[in-house]
1. Out of Asp115, Asp104, Asp182, any idea which swings most in a Gaussian network model of the chain, alpha carbons joined below 10 Å?
2. Carbon-plus-sulfur fraction of the accessible area of the range 41-98, 1.4 Å probe, in percent?
3. Under the Kirkwood approximation for Rh and a Cα-based Rg, what ratio Rg/Rh is obtained for the range 88-194?
4. Can you check what the net charge comes to around Trp127, using other residues whose Cβ is under 9 Å from the Cβ of Trp127 (Lys, Arg +1; Asp, Glu -1)?
5. Please list 129-139, 158-168 highest first by mean number of surrounding beta-carbon atoms within 10 Å per residue.
6. Compute the projected area of the convex hull of the Cα atoms of the chain, averaged over all viewing directions, and report it in nm² to one decimal place.
7. Which whole-number percent is the relative contact order of the chain (Cα, under 8 Å, 6+ apart)?
8. Quick one: grab the alpha carbon gyration tensor of the range 25-89, order the square roots of its eigenvalues as a ≥ b ≥ c, and give me rounded if a/c is under 1.5, else prolate or oblate depending on whether a/b is larger than b/c.
Amino acid sequence: MIFKSGVWIIAVASVVAGTQAQEKDKAEQKTQKVALAADLTAQAPAEWKVQEPKSQIRTHEFVLPSAEKDVAGGILFVTHFGKGGGGGLEANLQRWYGMVEQPDGSSTEKAAKKDEIKDVAGGKVVWLDMSGTYLDRPTPMSQQVTKRPNYRVFAVMIDAGKDGPYWIRAYGPESVMKAHRDGFERFLKSIAKK
């Protein structure tokens with residue numbers, strides 16, 4: 001009888017633990033709908049804080065909150081330069097590699113992770129994931145640079161939608177971007193036609 005009671009307690013504890021884990025996973029995956037374009041939507045993680053875009057070419061801007069008290073949050077913005085605007089993919093890849101320096105002076109192009117997600121809203125997404133010292137500029141061509149060591153940058157071309165491409169850059173301290181990486185990937189994979 002003691003053995004059967006012990007098995008019953010273990011079974012109940014397993015069910016409760018499993019339910020709690022599922023509820024935690026669901027809470028972590030809550031989303032907010034984002035109208036990326038006239039014909040594209042996406043599901044952004046609910047914890048991303050929408051803010052007013054700081055420039056006219058930015059269509060959306062989010063703060064990616066930090067779980068660490070003394071660490072700044074990350075920034076994510078979407079830009080659009082009109083149908084076919086923003087240059088080609090290869091030129092943008094080269095520009096993006098130049099936004100991050102490696103502490104040992106090695107090539108960011110070799111250190112970066114490049115991924116392609118196909119069949120996103122009838123197009124594709126090309127995504128770079130780069131770590132190192134971020135060369136933060138107030139505008140793309142500015143000579144003023146603030147070096148931000150131990151940062152991580154996600155740079156993306158969304159080649160989809162009738163007026164594409166669309167461009168995303170997200171950057172912040174390494175720990176913050178690591179915490180938001182999976183949510184960022186889910187955001188990219190959620191892009192769909194309206």
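1. The residue that fluctuates most here is Asp104.
2. Ligands and nucleic acids excluded, carbon and sulfur give 54 percent.
3. 0.98
4. -2
5. 158-168, 129-139
6. Convex hull of Cα atoms, orientation-averaged projection: 15.1 nm².
7. It comes to 22 percent, rounded to a whole number.
8. Verdict is oblate for the range 25-89.
The values are calculated or read from the model by the stated rules, or taken from the named source; none is laboratory data. Note that the structure is a prediction, hence the values are computed from the model and not measured. Note that each Cβ is placed from the backbone with ideal geometry, even for glycine, and that neighbours are counted across all protein chains shown. Surface accessibility is based on the protein's heavy atoms, side chains included, excluding ligands, DNA and RNA. Shrake-Rupley method; radii C 1.70, N 1.55, O 1.52, S 1.80 Å.
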